[in-house]
Amino acid sequence: MGHISRTIHIEATPEQVFDLITNPERLREWQVPASEVKDITGTPGTVGMGWTTASTFAGRKMEGHMSVTAVERPRSFEAKGSGSMAATLRGRFEPAAGGTDVTLENEYEMPLGFIGDAANKLFFEKSFAESWDKSLAKLKALVEAEASVHV
């Protein structure tokens, strides 16, 4: 099983960050590998909401459906995914230094058991981490630009 966890400080309220992250219609604006978001059901930021994301990662097209399984607005959310790989995505939003410390965590399971785990270690893990770092930098810039407009 793979695991990525990153924390970043964003100069915006927990509500502003939570609302943007939990809105799948905005995913393509900040999530680096997301090329398409479709089949959105439910209300953003609520349990039961779902969407399908298509991405090309390491030359491979991947598609996965995510469903929100837990929400405590604006403190946390959890979503579980299935498709090209099983995943659990968690977000935590802590007020800090006039903004928000955002922690995003992804636990994922590559297909093919131990072969997939080996491929993850050899090929995918570093690329996944790099795409998360790029995504969080884009998220920070996007949320802070929108938050400064609403000051």
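The values are calculated or read from the model by the stated rules, or taken from the named source; none is laboratory data. Just so you know, these numbers come straight off a predicted model, no measurement behind them. Every residue, glycine among them, receives a Cβ derived from its backbone with ideal geometry; neighbour counts consider all protein chains shown.
Quick one: would you say P74 is out of contact with any His (no Cβ under 9 Å at 6 or more places or on another chain) and not in a strand (DSSP E or B)? It would help to see each step written out before you state the result.
Numbers: out of contact with any His (no Cβ under 9 Å at 6 or more places or on another chain): yes; not in a strand (DSSP E or B): yes.
In short, yes.
Suppose we keep only residues that are in a strand (DSSP E or B) and of a type in the set (A, V, I, L, M) within region 77-96. Which one would you say is farthest from V37 (Cα to Cα)? So that I can check it myself, show each step before the final result.
Quick first cut of region 77-96, residues in a strand (DSSP E or B) only: 77-83, 86-96.
Next, only the ones that are of a type in the set (A, V, I, L, M) stay: 79, 86-87, 89, 96.
Values: A79: 15, A86: 17, A87: 17, L89: 16, A96: 31 Å.
The extreme case among them is A96.
Would you tally the residues in region 69-85 being free of Cβ contacts under 8 Å to residues at least 24 places away in the same chain, over 15 Å from the mean Cα position of the chain (by Cα) and crowded, with 17+ Cβ neighbours inside 10 Å?
Counting residues in region 69-85 that are free of Cβ contacts under 8 Å to residues at least 24 places away in the same chain, over 15 Å from the mean Cα position of the chain (by Cα) and crowded, with 17+ Cβ neighbours inside 10 Å gives 0.
Taking region 1-19 only, how many residues are aliphatic (A, V, I, L, M) and either in contact with a Gly (Cβ under 6 Å, 6 or more places away or on another chain) or crowded, with 21+ Cβ neighbours inside 10 Å (or both)?
Initially, region 1-19 is screened for residues aliphatic (A, V, I, L, M), giving 1, 4, 8, 10, 12, 17.
With either in contact with a Gly (Cβ under 6 Å, 6 or more places away or on another chain) or crowded, with 21+ Cβ neighbours inside 10 Å (or both) added as a condition, the list becomes 10, 12, 17.
Residues that pass the stated criteria total 3.
Criterion first (part of a helix (DSSP H, G or I) and at pLDDT 90 or above) does S127 satisfy it? Steps first, answer last, please.
Values: part of a helix (DSSP H, G or I): yes; at pLDDT 90 or above: no.
The answer is no for S127.
In a strand (DSSP E or B), of a type in the set (V, I, T) and modelled with pLDDT of 90 or more: is that true of T46 in this structure? It would help to see each step written out before you state the result.
Numbers: in a strand (DSSP E or B): no; of a type in the set (V, I, T): yes; modelled with pLDDT of 90 or more: yes.
In short, no.
What are the residues in region 18-68 that are more than 12 Å from the chain's Cα centre (by Cα) and among the hydrophobic types (A, V, I, L, M, F, W, C), if any?
Of everything in region 18-68, those that are more than 12 Å from the chain's Cα centre (by Cα) and among the hydrophobic types (A, V, I, L, M, F, W, C) turn out to be V37, I40, V47, M49, W51, A54, F57, A58, M62.
Of N120, N106, which residue is closer than 18 Å to T56 by Cβ, in contact with a strand residue (DSSP E or B) (Cβ under 7 Å, 6 or more places away or on another chain) and modelled with pLDDT of 85 or more? Spell out the reasoning first.
Working: N120 fails: modelled with pLDDT of 85 or more.
It is N106.
Among (1) assigned to a strand (DSSP E or B); (2) in contact with a helix residue (DSSP H, G or I) (Cβ under 9 Å, 6 or more places away or on another chain); (3) of a type outside the set (S, T, N, Q), there is one condition A54 misses while meeting the rest; what is its number?
(2)
Of (1) in a strand (DSSP E or B); (2) under 14 Å from the mean Cα position of the chain (by Cα); (3) under 17 Å from E146 (Cα atoms); (4) not charged (D, E, K, R), T7 satisfies all except one. Which?
Among (1) in a strand (DSSP E or B); (2) under 14 Å from the mean Cα position of the chain (by Cα); (3) under 17 Å from E146 (Cα atoms); (4) not charged (D, E, K, R), T7 violates only (3).
Considering only residues of region 86-107 that are in contact (Cβ under 8 Å) with a residue 40 or more places away in the chain and under 20 Å from M49 (Cα atoms), which is surrounded by the most Cβ atoms within 10 Å (Cβ to Cβ)?
Initially, region 86-107 is screened for residues in contact (Cβ under 8 Å) with a residue 40 or more places away in the chain, giving 91, 93-107.
Adding the requirement that they be under 20 Å from M49 (Cα atoms) leaves 91, 93, 104-107.
Working: G91: 19, F93: 25, L104: 19, E105: 16, N106: 18, E107: 15.
Restricting to residues being in contact (Cβ under 8 Å) with a residue 40 or more places away in the chain and under 20 Å from M49 (Cα atoms), the top hit is F93.
When you go through (1) more than 21 Å from V68 (Cβ to Cβ); (2) modelled with pLDDT under 95 one by one for K140, which number turns out not to apply?
(2) is the only condition that K140 fails.
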